[in-house]
Structure formats: C-alpha cells, structure tokens
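Since the structure comes first, as structure tokens, the remarks are kept for the end.
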Amino acid sequence: MKSVIIGQYIPGKGLFYKLDPRTKIIAVFLLMVSVFLFERIEQLLIALGVATLLLLVGKINIIRVIKGLKPIMILLIFTFIFQIMLNKQGQKVVEHDMYFTLFTLLFLVIAFILWRVMVKITKFRFTFFFLFVISIYLTLRYVDYGQTIIQPFNFAIYEDGITMSIFVVIRLLIIITLSTVLTLTTKPTDLTQGLEKLMHPLKKIGFDSESFALIISISLRYIPTIFDEANKIMMAQASRGADFSEGKLKDKLRQVISLLVPMFIIAFIRSEELANAMESRNFVPGEPRTRIHELTMSYRDTLATLFSFSVLILSIVLKVI
Amino acid sequence: MGIRFNQVSHGYTSFADGLYTAIKDISFEISDKNEFIALVGHTGSGKSTLAKHMNALIFPTSGTLEIFGKTITSKRDKKIKYNDIRKKVGLVFQFPEYQLFEETVEKDIMFGPMNFKISKEEAKALAKESLNLVGLDDSYLTRNPYNLSGGEKKRVSIAGILAMNPDILVLDEPTSGLDPAGRRVLMDLFKDIHDKTKKSVIIITHDMDLVYQYFNRVLVMNEGHLIFDGDPEKLFREKDLFKNHLDYPNTIKVLDYLNKSLGINLDIYKRTIEEALLEIKGAEKL
C-alpha cells in the first residue's frame with residue numbers, strides 16, 4: 001500500500017509547489033487534451049520527454065514516480081497485450097499456429113508452480129512474471145506433440161496492433177505522470193479549493209461548488225480517521241476471539257458483521273460531532289466564508305498557463321496539418 | 001506462569017517523524033493468579049500499548065514476550081494460535097462503542113464465548129452469569145446495547161470479556177467517564193471478581209485515590225519507560241510524582257496540608273478517607 005504514489009501529497013519545495021492549484025488543474029487538463037490530439041508516434045515520444053522534463057524542472061524524484069507506477073504496470077501490460085492481440089489491421093508481422101496439447105498443459109502447470117515458488121523466494125516479482133508469460137507463449141508455440149485438446153489456432157500480430165499498443169501505453173504513461181505531478185505537489189485541501197474556485201461559475205446553473213468542495217475535503221480528511229477507528233474495532237473484536245488471520249472462511253464471514261456495525265455507528269457519531277462542532281463555530285451552509293489562505297496568482301502561473309496553452313495550440317495545428 | 005516481558009520495545013511508524021517508540025525496554029512479570037495490579041502513567045506514556053501486548057494484539061518491535069508459555073516475537077508465528085492467547089488474557093478496551101454490535105445485550109455478550117466454540121446454551125448461561133457479575137439484572141438481556149447509558153455500555157462490554165472466562169483480565173481505563181459512585185461500584189466489582197476467582201486483574205487508571213485504596217502492586221509508566229513496580233505506598237513515599245506528570249491521592253494531600261499548616265505530625269499515608277478521618281480525630285484528642 002505504501003508504494004502507491006498516485007493521489008498522495010508529499011511535502012516539498014519545487015516550482016510546482018509554488019503554483020496556484022487552479023493553474024495546475026487547468027494546465028494538466030489542457031496538456032491531457034493535447035496528448036489525445038497527437039497522432040504520430042514521434043510527437044508522443046517528444047511529449048513523454050517533455051513530461052519527464054517537467055518532473056526534472058519541478059525537482060520531483062523520478063525514481064519515486066516510477067516506483068509509484070508499479071501498481072499501474074499490470075494495467076499497462078494488459079492494455080498492451082490486448083491491443084496487440086485484437087487489432088487486425090495493416091500488414092502482418094508474425095503469423096504461425098499455436099498448439100494446445102496434453103504436454104502443453106503439463107508444461108504450463110510446471111511453469112506456473114515455478115513462477116509462484118520463485119516469487120515467494122526472490123524479490124524480482126516482475127521479472128519472473130515476464131518470464132512466466134514468455135514461457136507460456138513459447139510452450140504454446142513449439143510444444144506440439146501429444147494429444148491435442150484444442151484445435152491448433154492461428155496467432156498473428158499486425159503492424160497496426162504494435163503501433164496502436166505503443167500509442168496507448170505512452171498516452172497512459174503521460175497522463176498518469178501528469179496527474180501524479182498534480183496530486184504529488186498539491187495539498188488535498190488546496191486541490192479542493194482550486195476545484196471550488198474553478199467551478200464557481202457553475203453556480204448560475206444551480207451547481208453549488210462550495211458544498212461540493214466541502215464534501216470532498218471532509219471525506220479526504222476523514223479517510224485516515226476512519227482507518228484508525230477500523231483498526232481499533234478490529235483489535236477490540238480480536239480480543240473477543242474474532243481474529244481475521246485465523247479461523248475458517250465461514251467464521252470470518254460471520255465476524256465481518258462485528259466490524260461493520262460498530263464502524264457505521266462510529267461514523268455516524270463522528271459526523272454528528274463534526275456537524276455540531278461546525279455549527280458551534282457558526283458554519284452556515286451557503287453563506288459566504290473567508291479563508292485563512294487565499295489563492296493568489298503570480299508570474300509563474302501566467303507562464304505555466306501560457307506553456308500549456310501553447311502545447312494545446314501546437315497539437316491542434318499539428319492535427320490540422 | 002502468566003505474562004513475562006523481556007526487554008520489550010514497540011515503535012509506531014508515522015509519516016511525519018519516522019519511528020515513534022511508544023514503550024522502551026520493558027521487563028516485568030505478571031503471575032496468572034492472585035495479582036491485582038494498577039498500571040498508571042500520564043497520557044501518551046505507553047500504557048495502552050503495553051496493555052495491547054498482553055494479549056498479543058500487537059507484537060513487540062524488539063524483545064520478546066511470554067504469555068502462558070508461548071513466546072511472542074516481532075513476527076507472527078504460524079504455529080501459535082493467537083486466539084487461544086486472547087481467550088486466556090481478556091482485554092477490555094476503553095470505549096465500549098468499538099465492540100458492541102449485536103441487537104441485544106445477550107447476543108453481544110455471547111459473541112466472545114461463541115468464537116471459542118462453545119455451545120449456544122452454555123454461552124447463554126455464561127452471558128447471564130457475567131451480566132449479573134457486572135451488576136446488571138436479567139432485564140438487560142433483551143435490551144439493545146446502543147440504547148444503554150455510558151456506564152451500562154461499559155458494564156456490558158466488560159461482561160462480554162468476562163463471559164470468555166479469561167485467566168487474566170486487563171482493563172483499559174474502565175472507570176473513565178463514570179461518576180465517582182459508579183467508579184467505586186466498578187472497582188468493588190473488580191476487587192470482588194479477583195477475591196472470588198483469584199484471577200489476576202490489571203487495571204489502567206489515572207485515579208490515584210483508587211490506586212492507593214485498592215491495589216497492592218502498581219506499575220508506573222513515564223515516556224515509554226517502566227519507572228516503578230511495587231507497592232503504591234512505597235511509590236508515594238519515594239518518587240516525586242509531580243515530576244512524572246502524576247498526582248498524589250487526596251488523603252495524602254489533605255493530611256500533608258494539615259501537617260504543614262498546623263505544624264502537627266500526622267501519619268499522612270492513609271489509604272481511605274475513613275482512615276484519614278480517624279487519624280485526624282486521634283490528633284484532635286491530643
């Protein structure tokens with residue numbers, strides 16, 4: 001859990017920390033739109049380079065971001081594989097038959113067991129996952145003796161499939177990097193305040209951006225609190241013999257109720273307390289409020305907005321040409 | 001052989017300032033019979049962390065812990081049934097809201113025993129018995145635990161642990177949030193359980209009056225260290241309690257004040273108000 005970097009704020013002192021949250025939100029939005037407008041692979045690669053450059057400019061630890069990408073890797077790998085397998089346009093690059101026989105089955109089982117054992121012993125989980133996938137491919141392709149279980153089927157990779165899959169993966173990478181920069185350098189409270197200010201014009205069509213921002217910031221604020229409470233409840237029930245790491249599944253299901261009920265009750269108690277505390281400090285929903293930290297724009301924000309706008313215009317121009 | 005701490009330390013990791021060590025290098029022993037121990041210390045001194053170690057809810061980061069012959073280390077041992085430890089050492093948490101969840105008090109008290117594979121009839125009998133033990137009558141069995149008053153909830157949560165029939169009972173601030181009369185009733189109850197069953201009872205408390213009056217062994221925690229283990233009177237005679245963010249019992253404070261302001265020589269170490277009153281009356285006659 002600790003390695004998940006997306007959506008986490010880490011205090012620091014870079015260029016992006018000094019930017020106004022509104023600017024950051026708008027800039028990230030514009031850059032994402034332009035990423036979707038790029039049509040050639042070179043353009044996308046340059047965009048990826050620019051995104052990494054942004055990390056350098058903001059003095060954000062790149063290794064940290066890459067480590068944070070790890071949980072997304074599986075998603076990326078799956079999109080990559082599916083794009084390659086399912087896209088049937090353009091020239092064929094590879095084509096051959098795949099066999100699935102009794103021997104293949106045996107090999108697959110061995111490969112699977114080896115993979116699970118190695119993952120438990122060593123640290124290189126991803127390397128072994130790749131080795132496992134490659135070994136599946138190789139056995140399917142070359143092991144053809146023994147009784148066939150499924151008729152041989154055709155396996156083909158097309159040129160467009162490869163380009164499209166690279167395209168999708170790079171796009172996702174850029175988008176994830178950009179949004180990570182946003183959440184990494186902006187406090188959740190600043191983020192909601194920025195959103196609130198940006199959505200303020202929507203008040204004319206009946207959207208209450210202040211309440212919306214309040215809802216978001218309260219829920220964000222209460223995630224660790226509720227987590228803490230859940231931990232306490234688990235301990236209290238564990239001392240009554242409901243330990244979740246022991247016992248049968250049937251017992252565990254019964255014991256889940258012993259966690260959920262106090263959890264809800266405590267959440268209700270907490271929310272009532274919070275409501276009372278806010279009201280006793282004269283909070284009235286919908287009334288205008290002042291803030292301790294007012295958002296201010298500086299020359300940096302103008303520069304950042306100009307930069308993102310020019311990227312967007314560039315992408316539109318490239319698309320039209 | 002009950003619980004033995006061998007140089008136990010426990011640290012919590014936090015994002016802001018790395019590792020925070022809640023208890024440091026603690027060693028002491030609690031026998032499984034005939035102990036009536038108070039655990040005192042200022043807020044944040046590590047009392048609750050210490051209590052959670054006693055039934056293996058959390059593991060020491062360094063050092064070892066022996067609970068009824070089972071050795072607890074920093075890692076979870078698959079050979080040890082931790083549920084068995086929790087049956088032997090019952091821990092009652094400070095806030096009953098964290099454990100009450102059933103529709104009726106009876107069902108809630110039965111939850112503990114039922115987790116240890118006891119038949120429904122037996123559990124029902126145990127529930128009734130332990131509810132009476134904490135001073136609530138049978139009419140409470142069918143009531144909803146969430147409609148009870150704070151003190152009653154507390155009693156029900158204690159009954160929930162008592163019904164498991166533990167050998168050692170650990171209570172985290174059972175008297176907090178109660179009025180003075182309620183406190184005395186609960187303390188009498190624990191003393192009574194201890195006298196009748198000879199079970200060891202460990203009670204976390206802030207109330208020095210209760211400590212002096214009821215206990216014959218007191219453990220004092222200060223900033224994660226165990227700084228005193230022994231008779232309460234010895235504690236009040238030897239240690240400067242104000243330095244350790246603690247207070248003296250009212251009897252000692254009053255008698256000490258009388259001594260100083262009137263220039264007389266009373267014995268200030270009196271456990272109860274009655275004894276203190278006798279001492280003062282005795283001085284009057286002279």
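The values are calculated or read from the model by the stated rules, or taken from the named source; none is laboratory data. Quick caveat, the model's predicted, so the values are computed rather than measured. Every residue, glycine as well, gets a Cβ built from its backbone with ideal geometry; the counts of neighbours run over all protein chains shown.
Within segment B:1-15, which residues are at pLDDT 80 or above and either at positive phi or not small (Gly, Ala, Ser) (or both)? Steps first, answer last, please.
Taking segment B:1-15 as the starting set, the residues that turn out to be at pLDDT 80 or above are B:2-12.
Passing the criteria: B:3, B:4, B:5, B:6, B:7, B:8, B:10, B:12.
Across segment B:91-104, what is the number of residues that are hydroxyl-bearing (Ser, Thr, Tyr), at the interface with chain A (Cβ under 8 Å from one of its Cβ atoms) and either out of contact with any Pro (no Cβ under 8 Å at 6 or more places or on another chain) or touching a residue at least 24 places away in the same chain (Cβ under 8 Å) (or both)? Looking only at that region, the number is 0. Residues of segment A:196-220 that are part of a helix (DSSP H, G or I), free of Cβ contacts under 8 Å to residues at least 24 places away in the same chain and surrounded by fewer than 15 Cβ atoms within 10 Å (Cβ to Cβ): A:200, A:201, A:202, A:203, A:204, A:205, A:215, A:219. Residue pairs whose Cβ atoms lie under 6 Å apart, separated by 6 or more positions or on different chains, with the first residue in segment A:276-305 and closer than 12 Å to residue A:20 by Cα and the second among the β-branched types (Val, Ile, Thr) and surrounded by 10 or more Cβ atoms within 10 Å (Cβ to Cβ), are A:301/A:23; A:304/A:23; A:305/A:23.
Can you find, within segment B:125-145, the residue that is surrounded by the most Cβ atoms within 10 Å (Cβ to Cβ) among those that are within 14 Å of another protein chain (Cβ to nearest Cβ) and within 24 Å of residue B:184 (Cα to Cα)? First the steps, then the outcome.
If we filter segment B:125-145 for residues that are within 14 Å of another protein chain (Cβ to nearest Cβ), which is where we start, we get B:126-127, B:130, B:144-145.
Add one more test, that the residue is within 24 Å of residue B:184 (Cα to Cα), and what stays is B:127, B:130, B:145.
On the way: B:127: 27, B:130: 24, B:145: 24.
Checking each candidate, the answer is B:127.
For segment B:86-94, state whether one or more residues are within 17 Å of residue B:225 (Cα to Cα), modelled with pLDDT of 85 or more and under 16 Å from the mean Cα position of the chain (by Cα). For segment B:86-94, residues within 17 Å of residue B:225 (Cα to Cα), modelled with pLDDT of 85 or more and under 16 Å from the mean Cα position of the chain (by Cα): absent.
Here is a list: B:145, B:174, B:180. Which entry is under 25 Å from residue B:275 (Cα atoms) and not hydrophobic (A, V, I, L, M, F, W, C)?
On the way: B:145 fails: under 25 Å from residue B:275 (Cα atoms); B:174 fails: under 25 Å from residue B:275 (Cα atoms).
One residue alone meets the criteria, B:180.
Of all residues in segment B:70-90 being crowded, with 21+ Cβ neighbours inside 10 Å and touching a helix residue (DSSP H, G or I) at 6+ places or on another chain (Cβ under 7 Å), which is farthest from the other protein chains (Cβ to nearest Cβ)? Per the stated criteria, the residue is B:89.
Scan segment A:240-255 for residues that are surrounded by 13 or more Cβ atoms within 10 Å (Cβ to Cβ) and either more than 7 Å from chain B (Cβ to nearest Cβ) or at pLDDT below 80 (or both) and the total you get is 8.
Looking at residue A:68, is it farther than 18 Å from residue A:137 by Cβ, in contact with a strand residue (DSSP E or B) (Cβ under 9 Å, 6 or more places away or on another chain), surrounded by 13 or more Cβ atoms within 10 Å (Cβ to Cβ) and assigned by TED's automatic domain parsing to the domain that holds residue A:183?
no
Out of B:66, B:122, one residue alone is away from chain A (no Cβ under 12 Å), acidic (Asp, Glu) and either touching a strand residue (DSSP E or B) at 6+ places or on another chain (Cβ under 9 Å) or under 17 Å from residue B:5 (Cβ atoms) (or both). It is B:66.
Can we say residue B:107 is within 13 Å of another protein chain (Cβ to nearest Cβ), at pLDDT below 90 and out of contact with any Phe, Trp or Tyr (no Cβ under 8 Å at 6 or more places or on another chain)?
Spelling it out, it is not the case that residue B:107 is within 13 Å of another protein chain (Cβ to nearest Cβ), at pLDDT below 90 and out of contact with any Phe, Trp or Tyr (no Cβ under 8 Å at 6 or more places or on another chain).
Could you check how many residues of segment A:230-239 are assigned to a helix (DSSP H, G or I) and within 8 Å of chain B (Cβ to nearest Cβ)? Selection size over segment A:230-239: 6.
Condition check for residue B:188 on (1) more than 21 Å from residue B:2 (Cβ to Cβ); (2) touching a Phe, Trp or Tyr at 6+ places or on another chain (Cβ under 9 Å); (3) within 14 Å of chain A (Cβ to nearest Cβ): one failure, at (3).
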